[in-house]
Amino acid sequence: MHSDRQNVIPFSRMDRNMNKLLLLLIVFSLAGCSNKAIYDNVQINKRNACIKVPESQYEECIERANISYEEYERGRKEVVGE
């Protein structure tokens, strides 16, 4: 008669290494979000928020939300002195 313990596959070293590799891949994937992608998403949220402002402020709100990443980077570099 075989015990149930013999049917259990132990958590091998290879399994642990695969889990570590998977975790590293997830971390690097999340870190791979570029500054531009983050900026673009923030700008989309700003444009969506412009819908809620009074009509008299809408155009100005959209203009601020439509600043390109390149324009933003130039301005940021001027401020920080790069």
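The values are calculated or read from the model by the stated rules, or taken from the named source; none is laboratory data. Because the structure is a prediction, the values reported are computed rather than measured. In this analysis, Cβ positions are derived from the backbone assuming ideal geometry, glycine residues included, and neighbour counts consider all displayed protein chains.
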Report, by residue number, each residue of region 45-82 that is touching a residue at least 12 places away in the same chain (Cβ under 8 Å), in a helix (DSSP H, G or I) and hydrophobic (A, V, I, L, M, F, W, C).
-> ALA49, CYS50, CYS61, ILE62, ALA65
Restricting attention to region 28-82, and to residues there that are loosely packed, with under 11 Cβ neighbours inside 10 Å and among the hydroxyl-bearing types (Ser, Thr, Tyr), which single residue is modelled with the lowest pLDDT?
-> SER29
